[in-house]
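Participant: Before I ask anything, let me first share the structure, which is written out below as structure tokens.
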Amino acid sequence: QILADYRLSKRLYIAGEIGNESLDRTSESVDYETSGSFLKAGVDYNFYENWLDMDNMIYGGARIGYATMTQTLNRYDYNIDNNYFPIDTNIVDREFSGLNMIWLEIQLGIKVEVLNNLFLTANFQLKRSITQKTPDNFDNLCVPGYGRTSDIGSIGVGYSYGIMYRIPFF
């Protein structure tokens, strides 16, 4: 993932993220693989009042995200509520392509300058799915840039951390 921001004013920044992600998940009830790319764009607002030559941030931000992905369903078990009958396993090995998702994301985070123009960053994310294209008779289980999804609701959480380098334009 590549992170970038551009300062519009002393406190307001345009921010974006672009990345590629793949996940191979094996559990008791389902085995699947997800791979794809994502793009997030939005704004950040710096709540921190820097002093002297500091350039740190405690920020809140909003993003709109878009991901496109492919999922491969390898195996799944039927959900049964008792232990008396054997669990039926379906081996599928079927790929679903052309899937996508759009979501809104709120971020709270920090960005700390550790060396000249080199920053450590960390944030917490609250996400809400807006729309998604899912396979027939199956759901998107994991979305690049969004994370794991749930059939209980359209709200997700996540976190991110990284290293940023400022290219000093001015």
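The values are calculated or read from the model by the stated rules, or taken from the named source; none is laboratory data. This is a predicted model, so every value here is computed, not measured. Backbone-built Cβ (ideal geometry, glycine too); neighbour counts: all protein chains shown. Each accessible area value is taken on the protein alone, full model and side chains, heavy atoms only, with ligands, DNA and RNA left out. Shrake-Rupley method; radii C 1.70, N 1.55, O 1.52, S 1.80 Å.
Participant: If I filter the range 13-71 down to residues being aromatic (Phe, Trp, Tyr) and assigned to a strand (DSSP E or B), which single residue comes out as nearest to the chain's Cα centre (by Cα)?
Facilitator: This residue is Phe38.
Participant: Just one of the numbered conditions (1) free of Cβ contacts under 8 Å to residues at least 40 places away in the same chain; (2) over 27 Å from Ala122 (Cβ atoms); (3) assigned to a strand (DSSP E or B) is not true of Asp81; which one?
Facilitator: Looking at each condition in turn, Asp81 falls short on (3).
Participant: I would also like to ask the following. Show the residue pairs that are 6+ apart or on different chains and have beta-carbon atoms under 6 Å apart, the first residue being within the range 9-23 and under 25 Å from Glu49 (Cβ atoms) and crowded, with 18+ Cβ neighbours inside 10 Å, the second being at pLDDT below 95 and basic (Lys, Arg).
Facilitator: Sorted first by the residue in the range 9-23, then by its partner, the pairs are Tyr13/Arg7.
Participant: Please identify the pairs in which a residue from the range 114-138 that is basic (Lys, Arg) has its Cβ atom under 6 Å from the Cβ atom of a residue that is loosely packed, with under 13 Cβ neighbours inside 10 Å, counting only partners at least 6 apart or on another chain.
Facilitator: Arg128/Ile155
Participant: I'd like to verify a number: residues in the range 118-148 that are open to solvent by 20 Å² or more (accessible area, probe 1.4 Å) and either in a loop (DSSP other than H, G, I, E, B) or touching a Cys at 6+ places or on another chain (Cβ under 6 Å) (or both), how many?
Facilitator: Result for the range 118-148: 7.
Participant: Separate question: Report, ordered by the first and then the second residue, all pairs with beta carbons closer than 6 Å, sequence separation of six or more or different chains, a first member in the range 92-103 that is more than 14 Å from Asp136 (Cα to Cα), and a second member that is part of a strand (DSSP E or B) and of a type in the set (Gly, Ala, Ser).
Facilitator: Matching pairs, first to second residue: Met101/Ala67; Trp103/Gly65; Trp103/Ser129.
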